[in-house]
Amino acid sequence: MTIELISILIPLLPLAGAALIGVVGLRGLRDRSHWLAILGVGAALVLAVLLYEQVQAIPESEQAARYSTPIVVYEWFRAAEPGTGWFNVELRVDPLTCVMLLTVLSVSLLVVIYSVGYMRDHHGHAERGYERFFAFLCLFVFSMCMLVLGGNFVLLYLGWELVGLCSYLLIGFYYQRPSAAEAAKKAFLVNRVGDFGFGLGILLIYYHFGRLDYAYVFEHVGELMKISPNQVTIIALLLFCGAVGKSAQLPLHVWLPDAMEGPTPVSALIHAATMVTAGVYMVARCGAIFAESALAMAVVALVGGLTALFAATIALAQYDMKRILAYSTISQLGYMFLGLGVGAMSSAIFHLFTHAYFKALLFLGAGSVMHAMAGEIDIRRFGGLRRGLPWTYRTFLIGSLALAGFPLLSGFWSKDEIIHAAFAEAPPLGVLALLTALLTAFYTFRMVFRAFHGDEKLPEGVEHAHESGTWMVAPLCVLSIGAIAAGFVGVPAGHGTFHHFLSPVVHGVHHEEGGLEMMIVSGTLALIGIGAAWFVYVRRRDLAVRAAAAMPHVFDALNRKYYVDELYDALVVGPLRRLGRFCYGWDTYAINGLLWLIAAVPRAVGYGLTTFQRGALQGYAMGMTIGLLLLMCWMLWANGRT
Amino acid sequence: MPLPGAGAASGLTMGDWIAEHVLTLLILTPIVGAGLVALLPSAAEASIRRVSLSIATATLLLAILASGRFLQQQPLFGVAGETALHERADWLVWPDYTEEQTESGARPWLRLQYSVAVDGISVPLILLTALLTPLAILASFSGIRQRVKEYYALLLLLHGAMLGVFCARDLLLFYVFFEFTLVPLYFIIAIWGGSERRRAANMFFIYTLAGSVFTFAGVLYLGWMSFTHAPTGEAMVSFDMDRLYLLAADGVLSPAVQGWLFLAFFAGFAIKVPIFPLHTWLPLAHTEAPTAGSAILAGVLLKLGTYGFLRISLPMLPEASLSFAPWIAWLAIVGIIYGALAAWVQRDVKKLVAYSSVSHLGFCMLGMFSMKMAGLTGALLYMVNHGLSTAALFFVVGMIYERYHTRRVDELGGLARKMPVMTFFLIVFALASVGLPGLNGFISEFLVLLGTFTSDQATPDGPAGSLGITYAAFAATGIILSAVYLLFMCRAVLFGPEKEPVHGFDRHSGLTQDLTRNEVAVLAPIAVLCLVLGVAPKPLIEMMQPALKQQTLSRLSAAALVRASAEKERSLAWRSPEPNRDREGAASGPQKAGYVPVQRFAPNRSSRDPSWQIRSMAAPLRDRTDPRSVSAGVERDNVHPIASKGASR
């Protein structure tokens, strides 16, 4: 099969899956609908592997030409300004696309398989909305494939919005829960705020280049830079707005923790492994634009670094396992942006790749715990689960070690590269990143120790902890292999297969000096963090409580997430709502009142004339004719004068 | 075009005859049908419904036939952007000279015509109208229980009038149809409406009528001025649109007169659209009208206003349009934000949807006054897309109302559980309205913003408009706000714990809990169209753009060039004073300096000509220093030669 055919089929197969599930769901075969999803996503994954093989086989001399020639599927719409053609539905296949597709599809397939077990009750009956769930998942996979395959900014925006829609639908999957419905709405709206900037950025690109396809824009961005560097910076910053929204960076991070209201597989797939990394993908894809502007890069790095630390501190004081993981995701995404911002773009993509596996693993593990605890996810309510859930514990431990940056696991390699690059480019940000690494290890193992170690404690209503079934455990095992081994494709740092494959399209920097020292430092910090967590949560369990009691304000601020939600409510939502009420009031009273007054004059006059005229419409017609005549006379007169 | 089944016998077959007079048939079918329905016995409700539905369906088929004929008659399938399917008949000729008198040179003073034709602008709107009306009729089957006969007769009458507006090629005819739509709708609201129906109907009627009185004055004045362009042997005064288009192009209308005329037309059209702050009739009328009335009102009637701008104000009064563009754009932007915020705080779902129209049509106006192809295409697509999605939203709201007799968000909730099919449709239409890519709303919104954004750029086919980045940035907040209120609606009505009003589901409504088959038949075609127009709008765009260029944009560009060269002349004038040009000179048309024949600038560049791109890249950059000056737009290398060629002539 040719690259063209494969790349068209990859998004189409999950879409077909979604459509068919809709049909089957209507027919009543809903309990079997997961097979269609597995088939669709699995086939797409096979094709993605084939695509990878073929892209890899492209000789170096042809690479540039092949990558920049889009695969046009059909013509979509056009602005028809002279010199601009159609906005096409066109696909771009290059190493970055391949990496993203492999990541997205492999995690998707595992999550789909896991969901077969997760979306059932303890008797094996499918949950309400089972087929809806799989249809949305397939739709999501389609959207994500479009996002990474799209060959121009319009398609990028299409994928961008469609994944947002799927996220909305899946967060609100348990739509009867008010919190889920609110969280879904919030996710969509906060993302829209980011998309506002993103859309303007795309329009600005069109304004300057007259076209929106990647190849043309990236090729000519240098020329624009020569004429007007500020405009390039503005474009880059506007695009970054979109990334801030989608990847939940400061200050638009507020939606992601709430998004945990969705079913856990959704959190694993969309809100940890794939969709939230779309912002990272986008910045890497537009690397040519960002790299031109030092200011934009600095902003990206700064936002990333600050978010990483900010979210890590909040994660210290949360009790909901999924929320801890959510803040951890925000923090890790911050790392990726830090990497992008300091120019280590391929390292950022590398971290995206490894993070997808270990974070999906952690979320799915948390889901397994939740399944066993009858929906309870608060680490204060249970403990010592390692005996009851041995497989979940083992895999969760591997994921945690990878997240904490334990030496030789996948997270270690990728995170270390970013920290190293940050140190070389901007030492203060490097310090920030190291501090975050320490905190990461600590809060991760705080969760591990509280949930799995110590004496067994079960929430009310749960007799004893059951390990989950094969449908759920198998993906956990596969993912933990990924969490252990995924890092080795990037070894040695900066020269691994991964970086080499990406090098034609994603630029990276690599600083040779100090690489080993940095590894030792970050590895040690990870060990210190884990050790500290062990000391506080296993050895001296009273310490944490005392520390929290000693600094109630700090703890409260962390626990309440620095009051950002409250702040937005008070500063943005509230005033807008009041403005809306004012607008409506203005309509009802001011404008209509004025009209009433205007109408009152003829009415008053009319009272005097009622003796002659009673029929309402004739009266108006009369008035109209007279007015018209007067107007015409006046116009003729005025015209005659000039 | 022989129809299937039409005899292949000699001469004019039935099929040929239909094809020849397809527009007249299109307009007359519903009007005659209304009479037919009125003749049926009132008690035969079932057959009344069936007959009116078949008449509306027949009209739809005629509309499809007409658009097929249109495409067929157009050379190169509409690339030229000309009108087609012309039909003309004299309505009133005065004085009515005999043949000998005419031969001896006497020409009538006044000729009123029945003149219809379509082009790429009107065909999409005709199809929209023809599609929505049968659906509205179908949607009324369960809701309308009283005075059934009158209701359907009025609906069909309204249908004919709306089609007439889009077909009319004579300004007076246009005005007649435009006004006539008020009458059936007035009764529909006043008789079958909600609790405040009388007030709503009166307000709607008087409001719109008050505005269109001024429009009528404008129509008369324009018609009267048409004597300057009477061809030999033709009547002095005529309302033929093709003639009226020439007036402004030839400089008959001074800028001041154009301004007044523009305001006169604005009064009628702006109220219809509605543009802030003339929108206050809309929430009330939409809310009080019966479901089908609201759907038609939002789906088609509001478009009469925007269509009026597109068909009359912009091309007939181009200079005034250019001058007023920033003002109207600001009103549109205020409307976008104001309408969205007001929609958000509504407690009545129907009112929420009504206010959303205020917001959405702001986009439509904005695109139109960007004076760019992208903006105009976006605006026209917006009319179609808004017509589909908002009408559908009204249908869904009506279906909820028929079951629960309430539309208040605090009395409803969690309907997704009991009504999954309804939920599916409501979400699809809400998303189409929000502008989700892949559904229809996105493309129009994107093009409108694109047009607004690039409005201050001059392109080879026309100088710069007067909007720009600031306008687009403010308008783009609409994409956040539209999501705010529509998702608020979905959240309140569909999600959350189940909540029903105290009296619960109305078991006497004869409806099932979820949508009936009839109701699905109403919504499904719209949903399919929303998807198709979002994924493959190419045929529609290809039909629209040549017409927009030929009918509207070229006239605007001509005026912009004239204005720019006049400005330049003025700046030269105080250095070397020229003899004053008197009014006669100004009116004498093509000889006037700076007049550029319309066909002059249409350098048909290949779509991916790179040489222009590089320049276009450089142009806006220079533009940044002086973005909004029209004269700067003309000075630019790629436009200037054309302008000066025209001027030197």
For the stretch A:127-139, 3J(HN,Hα) per residue [Karplus equation, 6.51 cos²θ - 1.76 cosθ + 1.60, θ = phi - 60°, Hz, x = Gly/Pro]: 5, 4, x, 3, 5, 4, 4, 6, 4, 5, 4, 4, 4
Using per-residue counts of other Cβ atoms within 10 Å, averaged over each peptide, order B:503-513, A:317-327, B:349-359 from highest down. B:349-359, A:317-327, B:503-513
What fraction of the DSSP beta bridges in the protein assembly as shown is antiparallel, stated in percent and rounded to the nearest 5? 90 percent
Whole-Hz Karplus ³J(HN,Hα) for the stretch B:468-484, in order, using 6.51 cos²θ - 1.76 cosθ + 1.60 and θ = phi - 60°, x for Gly and Pro? x, 4, 4, 4, 5, 5, 5, 5, 5, 4, x, 6, 6, 5, 5, 5, 4
Under 16 Å from a point 7 Å along the Cα-to-Cβ line of B:R417: which residues of the stretch A:178-201 have their amide N that close? A:178-182
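Take peptides A:546-553, B:85-92 and line them up by average Cβ neighbours within 10 Å, highest first, as a rough protection proxy.
Highest mean packing first, the order is B:85-92, A:546-553.
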Ranking of A:W596, A:W160 by count of other Cβ atoms within 10 Å, fewest first: A:W596, A:W160
With 24 Å as the limit, write out which pairs from A:K246/A:K415; A:K185/A:K322; B:K149/B:K303; A:K415/A:K457; A:K226/A:K246; B:K303/B:K351 have Cα-Cα distances beyond it, or answer none. B:K149/B:K303; A:K415/A:K457; A:K226/A:K246
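How would B:M162, A:M519, A:M146 line up from fewest to most surrounding beta-carbon atoms within 10 angstrom?
A:M519, A:M146, B:M162
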Given the rule -39500 (n - 2.57) for each run of at least 4 DSSP H residues, summed and divided by the residues of chain A, what is its mean residue ellipticity at 222 nm, to the nearest 500 deg cm²/dmol? -24000 deg cm²/dmol
Expressed as a whole number, the average count of other chain Cβ atoms within 10 Å around the Cβ atoms of B:275-285 is 3
Around B:W91, which amide H atoms from residues at least 5 apart in sequence, or from another chain, sit under 5 Å from its own amide H, with H modelled in the peptide plane? B:L112, B:Q113, B:Y114
First measure r as the distance between the Cβ atoms of A:D565 and A:R177, then evaluate 1/(1 + (r/R0)^6) with R0 = 22 Å and state the FRET efficiency to the nearest 0.05. 0.75
Between the stretch B:357-384 and the stretch A:4-33, how far is it from one alpha carbon centroid to the other, in angstrom? 36 Å
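Report, as an integer, the average count of C-beta atoms from other chains found within 10 Å of each Cβ along B:339-348.
5
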Cut-off is 10 Å between beta-carbons; in what order do B:L393, A:L338 appear when sorted fewest neighbours first? B:L393, A:L338
Check which residues have an amide H placed less than 5 Å from A:F77's amide H, if you skip close sequence neighbours. A:F87
Cβ neighbours within 10 Å from other chains - mean over A:631-639: 4
May I ask you to list the trypsin sites (Lys or Arg not before Pro) in the stretch A:92-167 that are in a DSSP loop and have at most 15 other Cβ atoms within 10 Å of their Cβ? A:R128
The stretch B:298-309 - phi-based ³J(HN,Hα) in whole Hz, Karplus 6.51/-1.76/1.60, Gly and Pro as x: 6, x, 10, 5, 4, 6, 4, x, 5, 5, x, 4
So, with points 7 Å from each Cα along the Cβ direction, the B:V535-B:E45 label distance in nm works out to 4.0 nm
Using a cut-off of 16 Å between alpha-carbon atoms, which lysines can reach B:K549, once sequence neighbours fewer than 8 places away in the same chain are excluded? B:K372
Out of residues 5 or more away from A:K457 or on other chains, whose amide H comes under 5 Å of its own, with H placed 1.01 Å from N in the peptide plane? A:G383, A:G384
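In percent, how large is the relative contact order of chain A, given Cα pairs closer than 8 Å and 6 or more residues apart?
On the way: 1039 pairs, mean separation 75.1, N = 642.
For chain A, the relative contact order is 12 percent.
Read-outs throughout are calculated quantities, based only on the coordinates presented, and are distinct from any laboratory measurement. For clarity, every value in this text was computed on a predicted model and none was experimentally measured. All Cβ positions, glycine included, derive from the backbone under ideal geometry; neighbour counts span all protein chains shown.
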